[in-house]
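Student: Have a look at the structure that comes next, please.
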Amino acid sequence: MKVLRGLSGMAAAGAVVLTLVVVATAFIGARRGFPGPGGESIAWHVGTSIVVISAQVFADRRRGFAAFSASIVVFVVCGILLWTQWWS
């Protein structure tokens, strides 16, 4: 179970890093007059970060099936983010 929580923690951290990259790219693009990610992409990333960090904190504070379920939520939400914002 600790391994699963560790992996989901890495996925959650990756989602936060992607959010920071998208926000920074939008900021730099706006300042230099280049197109960047739009508001929808920024909203997706920020929303995902909030959900996965909340789920990861829940997983880290619980044991058993509750921790397992929260870790799965992290993986599913990160997968949805990658599928809709990066691979489509």
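The values are calculated or read from the model by the stated rules, or taken from the named source; none is laboratory data. No experiment lies behind these values; they were computed from the predicted model shown. Reconstructed Cβ throughout: ideal geometry from the backbone, glycine too, with neighbour counts over all protein chains shown. Accessible surface is based on the protein model in full, side chains and every heavy atom, while ligands, DNA and RNA are left aside. Shrake-Rupley method; radii C 1.70, N 1.55, O 1.52, S 1.80 Å.
Student: Inside segment 23-48, can you point out the residues that are in a helix (DSSP H, G or I), more than 25 Å from A70 (Cα to Cα) and among the hydrophobic types (A, V, I, L, M, F, W, C)?
Tutor: Once the filter is applied, which keeps residues that are in a helix (DSSP H, G or I), more than 25 Å from A70 (Cα to Cα) and among the hydrophobic types (A, V, I, L, M, F, W, C), segment 23-48 yields V23, A24, A26, F27, I28, A30.
Student: Identify all residues within segment 16-35 that are over 13 Å from the mean Cα position of the chain (by Cα) and buried (at least 18 other Cβ atoms within 10 Å of the Cβ); write none if there are none.
Tutor: Within segment 16-35, just A26 meets the criteria.
Student: Here's another thing I want to ask about it. Give the residue that is nearest to R63 (Cα to Cα), with candidates limited to residues of segment 36-52 that are open to solvent by 50 Å² or more (accessible area, probe 1.4 Å) and not hydrophobic (A, V, I, L, M, F, W, C).
Tutor: Looking at residues that are open to solvent by 50 Å² or more (accessible area, probe 1.4 Å) and not hydrophobic (A, V, I, L, M, F, W, C), I get E40.
Student: Which one is farthest from M1 (Cα to Cα) among residues in segment 49-88 that are free of Cβ contacts under 8 Å to residues at least 40 places away in the same chain and of a type in the set (S, T, Y)?
Tutor: Residue satisfying both the conditions and the ranking: S88.
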